[in-house]
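The values are calculated or read from the model by the stated rules, or taken from the named source; none is laboratory data. These figures come from a predicted structure and were not determined experimentally. Counting neighbours? That spans all protein chains shown, and the Cβs are built from the backbone with ideal geometry, glycine included.
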Amino acid sequence: MITINENYDDLIQWSRYLFRTVKIRSIADRELDKQNKIKDGIFPNEMFLLYFSLLYVTYEAFRHYSFSNSRVEALVDEKYEENIDILRRMRNSIFHPDVSAISPRQVKFLECSKSIIPWGYALTDEFEQFFYFYPENNNIFGKPADKLRIEIKKINNWLPRNSLAIYKKIREKEMENHRKYVLAHYPDKIEEFEIYFKKFSKLIEETPDSYFEPLLK
């Protein structure tokens, strides 16, 4: 096994919180399609509330293990302190007895849904990027980085794939493998392929790393 640093075990442990968050989000997204929208917000089902509660746990664990990432920090700085606190109270309302059937902490979340929902999705997106690109962020690149991700996936039986940055990385790898295949088996077609490859590379370069890029500025 490739050893990154002393935080490797912490990374694996933290990723379990992230996995649960992402898994519940996928269930919530599917079920949310069946929900009716209400004026100035969204009426979520229990899976949706659970997703945001688990997101706070993931954030809390990120802090507990002393991880740091500039893009994550941009979403949890002073500007978003209230959002963090709303998530904390949401977590408490889900995992601890509440004062009434109509939870004031959940009502507060709903009142802020138009701003806090895209922010929460953005934070999840950045957590996924942080985990997927952990090798590169620790100066491990190319095949060793890919090998390390394979090892991590064996331990976790999961790697994130939702982020645009991750999608771009996977597509670039697929295109490079396809280029090698064409060069090896159809060398007479390589010039034609290179034209397509350059167009693809330009498209990838112009694609942002996140759907939520404006929130990081």
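The rows are residues; the columns are (1) modelled with pLDDT of 90 or more; (2) farther than 26 Å from residue 69 by Cα; (3) in contact with a Phe, Trp or Tyr (Cβ under 8 Å, 6 or more places away or on another chain); (4) of a type outside the set (D, E, K, R).
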site	(1), (2), (3), (4)
102	no, yes, no, yes
106	no, yes, no, yes
121	yes, no, yes, yes
151	yes, no, no, no
162	no, no, no, yes
168	yes, no, no, no
174	yes, yes, no, no
188	yes, yes, no, no
192	no, yes, no, no
Quick one: would you say residue 151 is within 21 Å of residue 16 (Cα to Cα) and surrounded by fewer than 16 Cβ atoms within 10 Å (Cβ to Cβ)? yes
Residues in region 158-206 that are surrounded by 13 or more Cβ atoms within 10 Å (Cβ to Cβ) and either in a loop (DSSP other than H, G, I, E, B) or in contact (Cβ under 8 Å) with a residue 40 or more places away in the chain (or both): how many? 8
Those residues of region 72-92 which are β-branched (Val, Ile, Thr) and outside any helix (DSSP H, G or I) amount to 76
Limited to region 96-136, what total is found for residues that are touching a strand residue (DSSP E or B) at 6+ places or on another chain (Cβ under 9 Å) and either in contact (Cβ under 8 Å) with a residue 40 or more places away in the chain or under 14 Å from residue 165 (Cβ atoms) (or both)? 5
Is it the case, given these coordinates, that residue 113 is assigned by TED's automatic domain parsing to the domain that holds residue 81, surrounded by 11 or more Cβ atoms within 10 Å (Cβ to Cβ) and among the hydroxyl-bearing types (Ser, Thr, Tyr)? yes
Considering each of 102, 94 in turn, give the residue that is over 17 Å from residue 60 (Cα atoms) and of a type in the set (Val, Ile, Thr). 102
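Every residue, every condition in (1) within 20 Å of residue 160 (Cα to Cα); (2) at pLDDT 95 or above; (3) in contact with a helix residue (DSSP H, G or I) (Cβ under 9 Å, 6 or more places away or on another chain); (4) polar (S, T, N, Q), yes or no:
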position: 12; (1), (2), (3), (4): yes, no, yes, no
position: 27; (1), (2), (3), (4): yes, no, yes, no
position: 31; (1), (2), (3), (4): no, no, yes, no
position: 34; (1), (2), (3), (4): no, no, no, no
position: 39; (1), (2), (3), (4): no, no, no, no
position: 48; (1), (2), (3), (4): yes, no, yes, no
Taking residue 180, is it out of contact with any strand residue (DSSP E or B) (no Cβ under 8 Å at 6 or more places or on another chain), basic (Lys, Arg) and under 21 Å from residue 163 (Cβ atoms)? no
Go through (1) assigned to a loop (DSSP other than H, G, I, E, B); (2) surrounded by 18 or more Cβ atoms within 10 Å (Cβ to Cβ) one by one and return the number of the condition residue 130 breaks. (1)
Hey, residue 19 touching a Leu at 6+ places or on another chain (Cβ under 8 Å), assigned to a helix (DSSP H, G or I) and modelled with pLDDT of 95 or more or not: no
